[in-house]
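What follows is a short report on a single structure.
The values are calculated or read from the model by the stated rules, or taken from the named source; none is laboratory data. If you're wondering where the values come from, they're calculated on a predicted model, not measured in any experiment. Here the Cβ is made from the backbone with ideal geometry for all residues, glycine too, and neighbour counts use every protein chain on show.
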Amino acid sequence: MHDCQLNSHREDWVVTSNVESGDGYSDILVELEEEGVGIVIEVKYAKNGDLEKGCLDALEQIERMGYGEFLLENEMNTILKYGIACCKKKCKVQLASLPAAFSAE
């Protein structure tokens, strides 16, 4: 597990990368401990420039590999999932729809 300084101005956020979670290693996990919110971020390079497909592939990987499990084990009640796709100088970010988000409730 690696701590990174993506949000170093937010001392109450725990940001880690390459954390073993579920059946693999997630790109970035963020824990907002006081709010009980966890964020899973998966980044893909869209080789053919199809940013939409890249985002969907990233979100599907989060689900398939169970990357939210680590956050649920750390008592995060709500998990937000972000799929990010990049190709050269273009980037797209997609948030999973709320019904598909993990929830401990």
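Determine the pairs where a residue that is in contact (Cβ under 8 Å) with a residue 24 or more places away in the chain and small (Gly, Ala, Ser), located within the range 24-35, has a partner that is surrounded by 20 or more Cβ atoms within 10 Å (Cβ to Cβ) and assigned to a strand (DSSP E or B) with Cβ atoms under 8 Å apart, the partner being 6 or more residues away or on another chain.
Every condition considered, the pairs that remain are SER26/VAL40; SER26/ILE41; SER26/GLU42.
Hey, among ILE84, ILE79, which residue is over 23 Å from GLU33 (Cα atoms), at pLDDT 90 or above and either buried (at least 16 other Cβ atoms within 10 Å of the Cβ) or within 11 Å of the chain's Cα centre (by Cα) (or both)? Spell out the reasoning first.
Details: ILE79 fails: over 23 Å from GLU33 (Cα atoms).
Only one candidate qualifies: ILE84.
One line per residue, one yes/no per condition, for (1) at pLDDT 95 or above; (2) in contact with a Gly (Cβ under 8 Å, 6 or more places away or on another chain); (3) closer than 11 Å to SER26 by Cα; (4) not polar (S, T, N, Q):
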{"position": "LEU56", "(1), (2), (3), (4)": "yes, yes, no, yes"}
{"position": "MET65", "(1), (2), (3), (4)": "no, yes, yes, yes"}
{"position": "LEU72", "(1), (2), (3), (4)": "no, yes, no, yes"}
{"position": "GLU75", "(1), (2), (3), (4)": "no, yes, no, yes"}
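Quick check on this structure: which one of TYR25, TYR45 is at pLDDT 90 or above and of a type in the set (Phe, Trp, Tyr)?
Working: TYR25 fails: at pLDDT 90 or above.
The match here is TYR45.
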